Amino acid sequence: MWRSCLRASSSRHRFSTLFSSQTLKPFISYPPPPSPSPSPPCFPSLRRFISTGPELPIGSQDIIPSDDSSLPVLAVVNFLDGFHEFTGLPWWMIIASSTVAVRLALLPLLILQLKKLKTISELLPQLPMPIPETPTLRGSIDQFSRFLKESRAIGCPSFLWFFPYLSVQLPCFFLLMASIRKMSLDGHPGFDSGGALWFQNLSALPGGSFGPVFPILIAGFHYINIQISFDSPTIRQTTGLTGMLMRYYKLYLEILSVPLFFVGYAIPHGSLVYWVTNSSVNIFQQLSLKHPMVGAKLGLLGQGASSSVGHSMEISESVIKYVDSNSQEQTLSLQTLTPEELLSLSVQVLSNGDQETSIQLLRLALEKDPGYVRGLVLMGQALLQKTQLAEATQYLELAISKLLDSDPSDPEDVELLMLASQWAGAAYVQQGKMKSGITHLERVAKLQEPGDLKSKEHYFEALLLLSSALYKEGQSDEAAKILRVVVDHNPAYKPLLQQCEDENELVSDLVSRRKDHY
């Protein structure tokens, strides 16, 4: 037995040597494989025992499919294939219609987010600043904790509502973009003739005389979307550091239009069809949601915006023309409006930034009722915004005198007295008339602290202004007393109190030393 095995092994060795030297040598330049283990080849049971996995047929390793695409991309590709087979539409229409369908599916989430943001914008004026004016680590933490606590108390939605739509829309955009790009680059069946007009081959890159069309559309739509996104009263009226950052950010996005034009030449037609469709749908969506009629139907208009008065309002000496909620032009005689209606209209106009028209309406309301206290207070505020300080104090003084004569006990009258006194004090301080300003601000300090959050903020603003005026007049002790009340409400002003107390101690030391000297 062992002799037969030896002969068989010897014959196989000669055959393999002959085959490798004469047949494989001209074709294979790799070094010879290492010699097999010395275990006898005539024991197949031992080979099966040593094997650690199932035996595969010869060459099976060469036919195992491999795809480096992610599962979501493959799922989208399969879905688009099924949609194409079901409808029989050309591929460019499949891409465009799928893009529109995704944007429509995300629209309810966008509307819900806009409603939440509208509620936040309406409640935000009632909340304290999230960051103190003189930020410190501890003060910032306390102020932000108070900001969150009061926002929950008045039912303000979570500020995370700024992000849901973007966190869903961006992944969908990139997923569809990656899927269509894969189909274009892989030469997906039908893509070579699934286009139209000058882009018949969806797998090809832009070229020829019509090559710049898609890059121009991509860059142009990007620029238009930026202009629409940043065209809102809130953004236009933002000033300070935030306004400057927003302007620079807008400029940065506008500059991106240039590189996007050149990027368009490196993208296949299939992906360009998707990109252009998505951008055009975004433009239409933004313009629709900004329209007053659409906003009114969806409940996206704020409380300050009226469905009966729009930006198209025109006021002449005797009539007012406006566009109502049904997009029909209406005309009203100003003489038929009551002082209350004129004041409400003035507030709406002032919220749009039209101070001249607002003052014009308030003057007409006061002509009809010279003793209209709320009209007097708002007139003083409007004139303060125009820095017409002398005229503003006249209206505010008149309102204060009428409120004091009536001995106000109604909460609304008390709030009007507080606002009129605060604004009159601020106007006098700005004119350098400290004593008159302190007189009005001390009247606010004698009032009871209001319970309403917004009124409370006005109350402590008046106290802070009073402490500043007292400090400038050399009454640092009185200023420190007022500041202690303010610090109890907002610890962020503690450094101002410390500065005032330190100066009082320095003055006391100097006085005592002078007495000792004498």
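The values are calculated or read from the model by the stated rules, or taken from the named source; none is laboratory data. Worth saying up front: this structure is predicted, and the values here are computed from it rather than measured. Ideal geometry is used to build each Cβ from the backbone, glycine not excepted, and the neighbour counts take in all protein chains shown. Each accessible area value is taken on the protein alone, full model and side chains, heavy atoms only, with ligands, DNA and RNA left out. Shrake-Rupley method; radii C 1.70, N 1.55, O 1.52, S 1.80 Å.
Here is a check on your reading of the model: is residue 191 closer than 30 Å to residue 210 by Cα, of a type in the set (Phe, Trp, Tyr) and crowded, with 17+ Cβ neighbours inside 10 Å? Yes. What's the total number of residues in the range 228-259 that are open to solvent by 30 Å² or more (accessible area, probe 1.4 Å) and modelled with pLDDT under 90? Summing the residues that are open to solvent by 30 Å² or more (accessible area, probe 1.4 Å) and modelled with pLDDT under 90 in the range 228-259 gives 20.
Residues in the range 120-147 that are loosely packed, with under 15 Cβ neighbours inside 10 Å and either in a helix (DSSP H, G or I) or at positive phi (or both): 121, 122, 124, 125, 137, 138, 141, 145. If a residue must be under 14 Å from residue 213 (Cβ atoms) and open to solvent by 30 Å² or more (accessible area, probe 1.4 Å), how many such residues does the range 261-287 contain? Here the count works out to 4. Here is a check on your reading of the model: is residue 152 assigned to a helix (DSSP H, G or I), at pLDDT below 85 and open to solvent by 80 Å² or more (accessible area, probe 1.4 Å)? Judged against the criteria, residue 152 is a match.
For the range 172-188, a tally of residues being open to solvent by less than 70 Å² (accessible area, probe 1.4 Å) and over 20 Å from residue 97 (Cβ atoms) returns 1.
Selection within the range 78-119: residues that are among the small types (Gly, Ala, Ser) and assigned to a helix (DSSP H, G or I). The member of this set that is nearest to residue 269 (Cα to Cα) is 96.
Results for (1) among the polar types (S, T, N, Q); (2) more than 39 Å from the chain's Cα centre (by Cα), shown as yes or no for each residue.
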| site | (1), (2) |
| --- | --- |
| 371 | no, yes |
| 375 | no, no |
| 386 | no, no |
| 397 | no, yes |
| 406 | yes, yes |
| 409 | yes, yes |
| 414 | no, no |
| 421 | yes, no |
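Taking the criterion of being of a type outside the set (Phe, Trp, Tyr) and crowded, with 19+ Cβ neighbours inside 10 Å, the residues of the range 81-95 that qualify are 84, 94, 95. I'd like to know if the range 103-119 contains one or more residues that are in contact with a helix residue (DSSP H, G or I) (Cβ under 8 Å, 6 or more places away or on another chain), under 23 Å from residue 188 (Cβ atoms) and open to solvent by 30 Å² or more (accessible area, probe 1.4 Å). The answer is no; no qualifying residue exists.
Among the conditions (1) buried (at least 17 other Cβ atoms within 10 Å of the Cβ); (2) of a type outside the set (Lys, Arg); (3) in a helix (DSSP H, G or I), the only one that residue 168 does not satisfy is (1). Test of understanding: among 153, 178, 196, which residue is under 25 Å from residue 72 (Cα atoms) and either out of contact with any Pro (no Cβ under 6 Å at 6 or more places or on another chain) or touching a residue at least 40 places away in the same chain (Cβ under 8 Å) (or both)? It is 178.
Would you confirm whether any residue within the range 198-208 is surrounded by 13 or more Cβ atoms within 10 Å (Cβ to Cβ) and in contact with a Lys or Arg (Cβ under 8 Å, 6 or more places away or on another chain)? Checking the range 198-208: not a single residue is surrounded by 13 or more Cβ atoms within 10 Å (Cβ to Cβ) and in contact with a Lys or Arg (Cβ under 8 Å, 6 or more places away or on another chain).
Screening the range 166-203 for residues that are more than 15 Å from residue 95 (Cβ to Cβ) and of a type in the set (A, V, I, L, M) and picking the one that is modelled with the lowest pLDDT gives 166.
Just one of the numbered conditions (1) assigned to a helix (DSSP H, G or I); (2) without any contact (Cβ under 8 Å) to a residue 40 or more places away in the chain is not true of residue 357: (2).
Would you mind finding the one in 382, 390, 365, 399 that is surrounded by fewer than 18 Cβ atoms within 10 Å (Cβ to Cβ) and within 19 Å of residue 423 (Cβ to Cβ)?
On the way: 382 fails: surrounded by fewer than 18 Cβ atoms within 10 Å (Cβ to Cβ); 365 fails: surrounded by fewer than 18 Cβ atoms within 10 Å (Cβ to Cβ); 399 fails: surrounded by fewer than 18 Cβ atoms within 10 Å (Cβ to Cβ).
On inspection, the qualifying residue turns out to be 390.
Picking from residues in the range 155-165 that are touching a helix residue (DSSP H, G or I) at 6+ places or on another chain (Cβ under 6 Å) and part of a helix (DSSP H, G or I), the one that is modelled with the lowest pLDDT is 161. Scanning the range 458-479 for residues that are under 24 Å from residue 141 (Cα atoms), at pLDDT 80 or above and not aromatic (Phe, Trp, Tyr) yields 461, 463, 464.
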